[in-house]
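Read the structure below first, then the notes.
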Ligand code: DX5
Ligand code: ZN
């Protein structure tokens, strides 16, 4: 079944516990950490993640858009994250980092900006629990979905199948009712949605609808046959 991860970047930061409650029933809560260096925006850090993990039962899906994730990512596991995604463009030693995240007890995930190809990282895939293909340039919510990323999603799904891995494939950026089916058909099974969820009148209903759309599209998809 498709997983929908609402992104709190589009939520009210003064009411994070309530905003988590508003998407009860979601698989994960997506938390965007930005340092104003790796991306031109600044959000939150370890203390906020610590408080949020105490305030909600929904597991936290951390997306680190920061420099030097080798140094910081383990601290987010200790702060209560269930999954930690680092950007491969920023990681000095991605294999060592993924192993450290897993050893500390979280799922390890690697993100690729739109200009970063997946092919050089084929041999790293067994070290990971998830790959995140960015479908916008990271930094801001509410941007338009980049259709040109669909072939990369497809190629990543092919690599996962080729190596018979249990990896999840996440997409993030511009995922909404109008784009989620294309992502699912191409091979994504975890969908981050910020404005499409928190911009809706009823956020948990928006999550339910997106999941239904994704599940329908997946049922007919080339990559999910036999699943
Ligand atoms: C952008 C963030 C996303 C953002 C997505 O860099 O990584 O998680 O919240 O927002 P939408 O879904 O509005 O594009
Ligand atoms: Zn994100």
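Values in this text are rule-based calculations from the coordinates and carry no lab data. Since the structure is predicted, the reported quantities are computational estimates derived from the model, not experimental observations. Glycine gets a Cβ as well: all are built from the backbone with ideal geometry, and neighbour counts include every protein chain shown.
Tabulated results
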| item | result |
| --- | --- |
| Pairs of alpha carbons in region 158-226 whose separation is greater than 15 Å (percent) | 51 percent |
| 83, 10, 51 arranged by Cβ crowding within 10 Å, fewest neighbours leading | 51, 10, 83 |
| Cα shape, region 71-177, gyration tensor, a/c 1.5 rule | oblate |
| Theoretical gain in end-to-end length, residue 24 to residue 162 [0.36 nm per residue, Cα-Cα removed] | 46.1 nm |
| Distance cut-off 16 Å, percentage of C-alpha pairs in region 1-118 lying past it | 58 percent |
| Computed log₁₀ I(q)/I(0) - Debye formula, equal Cα scatterers, no solvent, region 142-193, q 0.18 Å⁻¹ | -0.52 |
| The chain: most fluctuating residue of 97, 210, 42 per GNM, C-alpha cutoff 10 Å | 42 |
| Estimated 222 nm signal from helices in the chain, with DSSP H stretches of n ≥ 4 weighted -39500 (n - 2.57), rounded to 500 | -10000 deg cm²/dmol |
| Stokes-Einstein diffusion coefficient of the chain, Kirkwood radius over Cα pairs, 20 °C, 1.002 mPa s, in µm²/s | 124 µm²/s |
| Fully extended contour minus Cα-Cα distance, from residue 36 to residue 154, at 0.36 nm per residue | 39.4 nm |
| Residue 178 versus residue 46: modelled label distance in nm, points set 7 Å from Cα along the beta carbon direction | 4.2 nm |
